[in-house]
Amino acid sequence: VDARKKPATPTMNIYLDKNSKASKDKAFAIAQNVLETTIRDIITETNTDYSTEIILDINKVKLSKRGCTIEDILSALESNKKFTTESHGDTIILKLVDKLDAPTVVTLRNKVLKTTIKGVPDIERATLKEENGEWVIQTTGSNLAKVLEVKGIETSTVWTNNIFEIASILGIEAARNSLISELKSTLENQGLEVDIRYLMLVADLMCHKGFLQQI
């Protein structure tokens with residue numbers, strides 16, 4: 001077991017607070033705030049003349065589905081000092097401050113497309129699931145530290161399968177408990193029964209130095 005490696009597909013189950021968990025609309029709004037939205041996700045195409053400007057054609061339908069606005073895009077780009085921004089309807093024009101060579105402009109354009117407009121970095125997908133009359137957000141991608149900052153989340157029950165992330169954010173004891181839970185769940189899913197004390201011993205061996213180590 002190598003706990004230093006991130007799981008192949010990091011995932012999260014995000015439970016909502018008492019004011020939000022029974023409402024699908026509120027759960028959907030929170031999911032929009034969790035799902036990472038980059039400029040690449042909401043554009044139709046980009047045009048670049050490699051000397052003076054980069055033109056972003058915004059897809060209004062995608063923009064609306066992600067719960068974003070043109071103002072959100074402009075705000076996300078305003079800190080970049082290599083260009084100034086202009087908005088004309090569904091088009092945003094990035095006017096380069098200095099004349100750059102083509103490879104540099106391509107690099108800048110790619111960086112712009114990766115710019116996060118809204119949501120939590122590394123959360124690639126978010127879906128809603130109803131469990132016992134309550135809505136839960138399930139994600140592909142994990143970012144425990146940032147998810148815990150999202151309003152409407154029940155922070156005491158957020159779950160991730162990224163043990164390393166748990167250790168770095170919540171501490172080694174939380175990582176130990178999560179290891180036990182994950183080992184138990186994995187074995188039970190395979191129809192295997194192992195006494196919990198053996199799993200506790202494995203988790204202790206991996207965590208006893210105060211950090212995660214492989215065995």
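Here is a list: 75, 23. Which entry is open to solvent by less than 50 Å² (accessible area, probe 1.4 Å), closer than 25 Å to residue 126 by Cβ and of a type in the set (Ser, Thr, Tyr)? Steps first, please.
Details: 75 fails: open to solvent by less than 50 Å² (accessible area, probe 1.4 Å).
Of 75, 23, the one residue that is open to solvent by less than 50 Å² (accessible area, probe 1.4 Å), closer than 25 Å to residue 126 by Cβ and of a type in the set (Ser, Thr, Tyr) is 23.
Any idea how many residues of segment 124-145 are open to solvent by 30 Å² or more (accessible area, probe 1.4 Å) and not in a strand (DSSP E or B)?
Of the residues in segment 124-145, 4 are open to solvent by 30 Å² or more (accessible area, probe 1.4 Å) and not in a strand (DSSP E or B).
Just to be sure before I move on: is residue 110 among the polar types (S, T, N, Q), farther than 30 Å from residue 152 by Cα, under 27 Å from the mean Cα position of the chain (by Cα) and open to solvent by 40 Å² or more (accessible area, probe 1.4 Å) in the structure I sent? Before you say what the answer is, go through the steps one by one.
Values: among the polar types (S, T, N, Q): yes; farther than 30 Å from residue 152 by Cα: yes; under 27 Å from the mean Cα position of the chain (by Cα): yes; open to solvent by 40 Å² or more (accessible area, probe 1.4 Å): yes.
Answer is yes for this residue.
Filter segment 17-69 down to the residues that are among the aliphatic types (A, V, I, L, M) and touching a Cys at 6+ places or on another chain (Cβ under 8 Å) and list them by number. Spell out how you get there, then give the answer.
Of all residues in segment 17-69, those among the aliphatic types (A, V, I, L, M) come to 22, 27, 29-31, 34-35, 39, 42-43, 54-56, 58, 61, 63.
Correct list: 42 only.
Could you tell me whether any residue of segment 91-102 is surrounded by 12 or more Cβ atoms within 10 Å (Cβ to Cβ) and within 30 Å of residue 27 (Cα to Cα)?
No, because not a single residue in segment 91-102 is surrounded by 12 or more Cβ atoms within 10 Å (Cβ to Cβ) and within 30 Å of residue 27 (Cα to Cα).
How many residues are assigned to a helix (DSSP H, G or I) and of a type outside the set (D, E, K, R) when one looks only at segment 101-121?
10
Take the conditions open to solvent by 40 Å² or more (accessible area, probe 1.4 Å), of a type outside the set (A, V, I, L, M), within 30 Å of residue 162 (Cα to Cα) and without any contact (Cβ under 8 Å) to a residue 60 or more places away in the chain and apply them to residue 49. Does it pass?
Values: open to solvent by 40 Å² or more (accessible area, probe 1.4 Å): yes; of a type outside the set (A, V, I, L, M): yes; within 30 Å of residue 162 (Cα to Cα): no; without any contact (Cβ under 8 Å) to a residue 60 or more places away in the chain: yes.
When the stated conditions are applied, residue 49 does not pass them.
Within segment 146-161, does at least one residue satisfy the condition of being over 13 Å from the mean Cα position of the chain (by Cα), at negative phi, of a type in the set (Phe, Trp, Tyr) and surrounded by 20 or more Cβ atoms within 10 Å (Cβ to Cβ)?
Here is the first cut: in segment 146-161, the ones over 13 Å from the mean Cα position of the chain (by Cα) are 151-159, 161.
From what is left, the residues that are at negative phi are 151, 153-159, 161.
Okay, now just the ones that are also of a type in the set (Phe, Trp, Tyr), so 159.
When the remaining residues are screened for being surrounded by 20 or more Cβ atoms within 10 Å (Cβ to Cβ), the result is none.
So far as segment 146-161 goes, no, none of its residues is over 13 Å from the mean Cα position of the chain (by Cα), at negative phi, of a type in the set (Phe, Trp, Tyr) and surrounded by 20 or more Cβ atoms within 10 Å (Cβ to Cβ).
The values are calculated or read from the model by the stated rules, or taken from the named source; none is laboratory data. Since the structure is predicted, the reported quantities are computational estimates derived from the model, not experimental observations. Every residue, glycine as well, gets a Cβ built from its backbone with ideal geometry; the counts of neighbours run over all protein chains shown. Accessible surface is based on the protein model in full, side chains and every heavy atom, while ligands, DNA and RNA are left aside. Shrake-Rupley method; radii C 1.70, N 1.55, O 1.52, S 1.80 Å.
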